[in-house]
Every structure is written in C-alpha cells, then in structure tokens.
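Take a look at the structure below.
The values are calculated or read from the model by the stated rules, or taken from the named source; none is laboratory data. Note that the structure is a prediction, hence the values are computed from the model and not measured. Every residue, glycine as well, gets a Cβ built from its backbone with ideal geometry; the counts of neighbours run over all protein chains shown. Heads up: the accessible areas ignore ligands, DNA and RNA and are worked out on the full protein's heavy atoms, side chains in. Shrake-Rupley method; radii C 1.70, N 1.55, O 1.52, S 1.80 Å.
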Amino acid sequence: MFSNSRTAFWYGIQELQIQSGQTILVPEYICDVVLHPLHDIGINTIFYPVNNDFSPDWKYIDNILIKKSITALLLVHYFSQPQNIERAIEICEKYKLWLIEDNAHGYGGLLNGKPLGCFGHMGFSSPRKNLQTASGGVLYIHGELMEPEKYSLKDYPVVRSTEYAHNLIKSFPRLKNKIRIFLRSEPDYSEPSLFQEEKEEYFKVDENSKNKILTEDWQEHAKKRRKNWIFWSDFSLRNGMLPIWSSPHPESCPWLMPVYVVNAEDRLKWLNWGWKNGINLTPWPSLPLQVLNNSPISVNLWKHLLCFPLDREYEIKGFV
C-alpha cells in the first residue's frame, strides 16, 4: 500500500507509462491535490465539466476527443457512487484511451461485487480517509492490487506519541471538539482559494495503518456508513437542503454525504453550526486554481455544496 491515493496515482501513471507532455482529461470538480502527481511528471490536463449529479458531460468529452490528442480519461466515483462504467469503457475503447478510476472517497465500495477502481486500466483509493489512519492508499493496475516495490519508497513518517493521542481522542468526540475549538479558529469557508493543499512527498503506508486497513471488516464498515448517510439525508430534507442522491448505492462505502444548500450564506450557517457542535461538516473539495479562475459554474457548485460526515452515529437535538 501507499501513503495516500495521490501517491498511488503517481505510481500508477508510471506503471501505465504515461509520458511527460501527454494529456489527461480530468473533471473540473476535482480536489487540487490530484493534479500534484501530474505536475510532477509533466503531464498536461484538459478539464471537462460535470453535471449537478456529478456525472460527466459525456457530449463535451466526446467533442473534445475528436479535436484533441488525449492519452487517458480520469473518471471520479464521487462519494463512492459509481459512475457509468460502461459508457466510460466504450469511449476509452473508441478513442484508445487509458481509463483511470478515482475512488479516493469510497474505498470498500463495490459495483456488482467488484471493487470500484478495478474496472479501468488503473484505479486508486484512500482507505485512510474512512478509518482516519495516519496513511493508507491503494492502487489497482488492470484490476490487480499493486504494491510500491519499484521505487523504494520510505514508510510514511508517524510520530507514535501523536498517533496514540489521536487514536485516544477519537473515542471521545465531545472532548475532541472542545480541544479543536480551543486550539484552532474556525476556517473561513467563504473563499475556495484558501483550501489549497501543500504538496507532499511520496511514501509507503506505515505498518500500523496497513494493519488496521487489512483487518477492518469493510462490509460492516460500509453498511454503517450507508446507514449514517440515510440519517443525514433525512435530516437535510427536513432542514431545507437537497441531497444529491436520495440514498447511497447499495454496495457503496462513502466517506461523506453531499447536499446542496440554498445559497452560500445558508451553507456558512450550517458549517458554523457543525463547528460549534463537533460535527465535521465540510465544503469539499479544494478546487485547482485553473478551475477557480476559469470555471464559474464549478465555483458556484462549490459554494452550494455541503458534506456531512459518516464516521459515526450522531444524536442531533434542537433541530427537526
């Protein structure tokens, strides 16, 4: 395993022998860190739009492929909800593209009993997000799990005392929230450019995280997350928000549950409510600067998106 999904992506690009100067089609609505491995290798990107339900604009993709020389298509399974794999495979076969699946927010999710990430030529995912481990990313090449052997990566550096304190405080969410409020100020959620992430080095997974990932009952884990999804979906509808999917895919293992809010002010109200009540609501993702500067549609989507955590059951009082 790798330290995270972006490291797995970096490794996988080289396994497929995608070269510097070649071009990959990437959705506009994407976390900026996904571009870090592409920039490191010298790969160009062309962005394609997604619809309000995060499905690709297939017509746009088809049109751009007629005009441009493209090497690969990156398909994101947003929130572990499977995209139209058949359509993606058909397009990639037609234009002789590598199909790359980004399932970073849904490790453990399946489609017809097969792990998401195993349908394309490459797929990557991030179990560390669901388990809140220090590290953990996986890579599939042609459906087979790959290990980071070729590049002699070092283990992800973990300070054991910090890891112990983190694991201990996770068991006491109310105390964790009080400590967080004491140590940090509430983020400014109004400006998407403030959420850009720093580039990290590439590592293997650390042993403790690897053991937790391998011993987790992922079927039961996914079931609990889907149950929590339904809870937040009902809560959202009762409070004037619109879930993007009314229910999760029955085989998914989602990290977060997304909804649309009426406007940016309403989202800010809910983010503030979550901060004060120890509920880690978030405006995912941190969009690339190219998208922030050139795609007002994606920026507007970002301003209306609110994500609910699925890590545990919540007992909400004071709201309908």
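Structure summary
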quantity	calculated
Residue 155 long-range amide H proximity, modeled H, under 5 Å	204
Accessible carbon and sulfur surface of the range 1-121 relative to its total accessible area, %, 1.4 Å	45
Backbone HN-Hα couplings from phi across the range 66-79 [Karplus 6.51/-1.76/1.60, Hz, Gly and Pro as x]	5, 9, 10, 8, 10, 9, 8, 10, 8, 10, 9, 8, 4, 6
Entries in 59/303; 154/212; 114/227; 129/276; 114/224 that, when Cα-Cα distance is taken, lie over 29 Å	none
From phi via Karplus (6.51, -1.76, 1.60), per-residue ³J(HN,Hα) for the range 261-270 in Hz, x at Gly/Pro	9, 5, 7, 5, 5, 5, 5, 4, 4, 6
Positive minus negative residues near residue 112 (Lys, Arg vs Asp, Glu; Cβ under 14 Å)	-1
Three-way shape call for the range 1-41 based on the alpha-carbon gyration tensor, with the a/c threshold at 1.5	oblate
Net +/- balance of residues flanking residue 256 in space, Cβ distance below 10 Å, scoring K and R +1, D and E -1	+1
Whole-angstrom gap from the range 1-79 to the range 267-289, using each part's C-alpha centre	26
Amide H contacts under 5 Å for residue 105, placed H, 5+ residues apart	79, 80
Antiparallel bridges, percent of DSSP beta bridges restricted to the chain (to nearest 5)	55
Taking all pairs of distinct alpha-carbon atoms in the chain, Kirkwood radius in angstrom	20.4
Using θ = phi - 60° and Karplus 6.51 cos²θ - 1.76 cosθ + 1.60, couplings along the range 37-53 (whole Hz; Gly, Pro as x)	x, 5, 5, 4, 8, x, 8, 7, 10, 10, 8, 10, x, 10, 7, 4, 8
The range 208-250, accessible surface, carbon-and-sulfur percent (1.4 angstrom probe)	53
Å² of accessible area per residue within the chain, as computed with a 1.4 Å probe and no ligands counted	48
Protection-proxy order for peptides 75-81, 44-50, each taking the mean of Cβ atoms within 10 Å per residue, highest first	75-81, 44-50
Beta bridges per DSSP with both ends in the range 94-150, % antiparallel, nearest 5	70
Prolate/oblate/rounded call for the range 1-125, Cα gyration tensor, a/c under 1.5 rounded	rounded
Packing rank of 122-130, 53-61, 28-36, where each peptide gets the mean count of other beta carbons within 10 Å, highest leading	122-130, 28-36, 53-61
